[in-house]
Amino acid sequence: MRSRPELRSALPPQEGGVLSVSQLNRSVRDTLEKRFPLMWIGGEISNFKRYDSGHCYFTLKDEGAQVRCVMFRGRAQYLDWQPREGMRVEVRALVTLYEPRGDFQLNVETMRRAGLGPLFERFLRLKEQLAREGLFDEAAKRALPAFPRRIGVITSPAAAALRDILATLARRDASLEVVIYPVPVQGEGAAARIAAMIATADARGECDVLLLARGGGSIEDLWQFNEEVVARAIRASRIPVVTGIGHETDFTIADFAADLRAPTPTAAAEAVSASRAALLDRLAELVERAGRGAQRRIETEMQRIDALARRLVHPRAQLSSNARLLAQVLARLRAARPDTVALERERAELLRRLSSASRHRLERAQSALARLSASLAGMDPTAVLGRGYSITRDAAGRVVREARTLKQGELLSTTFADGWAHSEVRAVHAGAPVAGPPSGETDA
């Protein structure tokens, strides 16, 4: 009952109380968007269409009603799965009105498969727990055999996935043996039976690789492969395990535990088998490459033999060539041999010249020595003293050269040729020397 006054209050005032259709739709749109914020709404997809523009249009319905929905490209591009007809989903949407047509609709911000919230949280908790235990470590994963002889397939005998696998293996290599281990792949208790079948196949040890497969489905359909017992059975197996579960966007705990995860059952069959046609092509290529390599080797060796043949010489010709070479070497040695007679004459002449030069040098040295000795003898102070001269020194030992430097009473020392004497200065006379001191005086 309150909606009518609220609606009237939300409408802009108009002259005469008449609204245009655009004004009405705009006001209704504003009222809806203010009254209903973003919310989660659940239902079943119907009439789903994705256009080239990237926008998605569909109807969300339940048993009693339906509503049109649009998910624009900017939001739709973040979906990592493909919505399909009849799929139950939950959308987070804004309630609004499309003004040009007056259509009531939901503008979808994001979408998830129904029931994904609790199941997904359970999936994340188990994935984190097993990851902490090292169950998903890459280092622990086993290498797949390059050319398996027998492949084990663990799946439901009635599943379409099994037919796809068998057709793929037959196409790639018809000689492969396949062992089917039948087991239910969904429903209550399927996880325990899948784990038990993995253990059985491992115990029998008749296969080189095991392929755990199932076709696509909802998260509930694939949930048996998210159980802990299946992951532990995969890691306990001594035989490598490859999973091909659901579609390319579907990931399960079993995928993380497996030695290799393939996006689909068909891809899993391709991953564990070698293509016979591809191997034959590869073999033909290797044979051709080997032939070309052998041909190149033969040609190379033939060229080497030709080169050796050109270098090959008859022993007689080789000996003749060596003899000529030896003769040339001997001639060169003879030409280079020294003249010992001439060398001996040269040596004798050099010795004679050395002796003569030494004698002349010695005579010149003796003459120079005699001259120096005579000069030295003439300069010998003792020789001068012998001729009647003397040397007088003062008390400090300095040689007295001039009379005027003496003082009366100064003590002197005079050296003669045969000795020395002390004296005292009585008087100092300047001028030319006299024959002797005045009578009764000793002058210096």
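The values are calculated or read from the model by the stated rules, or taken from the named source; none is laboratory data. Because the structure is predicted, anything quoted here is derived from the model rather than measured. Using ideal geometry, Cβ is built from the backbone for each residue, glycine included, and neighbour counts are taken over all protein chains shown.
Odds and ends about this structure:
- Scanning the stretch 227-240 for residues that are touching a residue at least 60 places away in the same chain (Cβ under 8 Å) and crowded, with 23+ Cβ neighbours inside 10 Å gives a single hit, ALA231.
- Verdict on LEU135 being part of a loop (DSSP other than H, G, I, E, B), within 42 Å of the chain's Cα centre (by Cα), of a type outside the set (S, T, N, Q) and not assigned by TED's automatic domain parsing to the domain that holds ALA257: yes
- Residue check for LEU94: touching a residue at least 12 places away in the same chain (Cβ under 8 Å), in the same structural domain as LEU32 (by TED's automatic domain parsing) and of a type outside the set (Asp, Glu): yes
- Pairs where the first residue, in the stretch 375-395, is closer than 10 Å to PHE416 by Cα and the second is loosely packed, with under 12 Cβ neighbours inside 10 Å, C-beta under 8 Å, 6+ apart: ILE391/PRO381; ILE391/VAL399; THR392/VAL399
- Check on GLN105, surrounded by fewer than 17 Cβ atoms within 10 Å (Cβ to Cβ) and of a type outside the set (A, V, I, L, M): no
- Matching residues, the stretch 216-231, being among the polar types (S, T, N, Q) and out of contact with any strand residue (DSSP E or B) (no Cβ under 8 Å at 6 or more places or on another chain): GLN224, ASN226
- Filter result for ARG84 (modelled with pLDDT of 90 or more, of a type outside the set (A, V, I, L, M) and within 23 Å of ASP250 (Cα to Cα)): no
- Test result for GLY246, crowded, with 18+ Cβ neighbours inside 10 Å, of a type in the set (Gly, Ala, Ser) and modelled with pLDDT under 95: yes
- Answer from ARG88, ARG84, ARG101, ARG68 - the residue that is without any contact (Cβ under 8 Å) to a residue 24 or more places away in the chain and basic (Lys, Arg): ARG101
- If you go through the stretch 68-86 and keep only what is surrounded by fewer than 17 Cβ atoms within 10 Å (Cβ to Cβ) and more than 49 Å from the chain's Cα centre (by Cα), you end up with ARG68, GLU85, GLY86.
- Condition met for PRO145 (in contact (Cβ under 8 Å) with a residue 40 or more places away in the chain and assigned by TED's automatic domain parsing to the domain that holds ARG238): yes
- Put simply, of ARG282, ARG316, ARG311 the only residue that is exposed (fewer than 10 other Cβ atoms within 10 Å of the Cβ), charged (D, E, K, R) and modelled with pLDDT under 80 is ARG311.
- Residue in the stretch 197-206 that is outside any helix (DSSP H, G or I), surrounded by 19 or more Cβ atoms within 10 Å (Cβ to Cβ) and without any contact (Cβ under 8 Å) to a residue 60 or more places away in the chain present: no
- Any hit, the stretch 4-15, residues being modelled with pLDDT of 85 or more and either surrounded by fewer than 15 Cβ atoms within 10 Å (Cβ to Cβ) or in contact with a strand residue (DSSP E or B) (Cβ under 9 Å, 6 or more places away or on another chain) (or both): no
- Scanning the stretch 250-279 for residues that are within 21 Å of GLU128 (Cα to Cα) and either more than 34 Å from the chain's Cα centre (by Cα) or not assigned by TED's automatic domain parsing to the domain that holds ASP164 (or both) yields ASP250, THR252, ILE253, ALA254.
- Of the residues making up the stretch 144-159, those that are loosely packed, with under 13 Cβ neighbours inside 10 Å and modelled with pLDDT under 90 are ALA146, PHE147, ALA158.
- Taken over the stretch 138-160, the criterion of being closer than 30 Å to ARG84 by Cα and either in a helix (DSSP H, G or I) or among the basic types (Lys, Arg) (or both) is satisfied by ALA160 alone.
- Every test in (1) in a helix (DSSP H, G or I); (2) surrounded by fewer than 21 Cβ atoms within 10 Å (Cβ to Cβ) is passed by GLY216 save one, and that test is (1).
- The C-beta contact set for the stretch 320-341 (first residue free of Cβ contacts under 8 Å to residues at least 40 places away in the same chain, second residue among the hydrophobic types (A, V, I, L, M, F, W, C), distance under 8 angstrom, 6+ apart or interchain) comprises SER321/VAL313.
- Test: residue in the stretch 46-57 that is surrounded by fewer than 16 Cβ atoms within 10 Å (Cβ to Cβ), more than 30 Å from ARG88 (Cα to Cα) and modelled with pLDDT of 90 or more: no
- Top-ranked residue of the stretch 404-424 - restricted to ones that are closer than 21 Å to LEU385 by Cα and in a loop (DSSP other than H, G, I, E, B), ranked as modelled with the highest pLDDT: ASP418
- Among the residues of the stretch 207-225, those identified as more than 41 Å from the chain's Cα centre (by Cα) and free of Cβ contacts under 8 Å to residues at least 60 places away in the same chain are ARG214, GLY215, GLY216, GLY217, ASP221, LEU222, GLN224.
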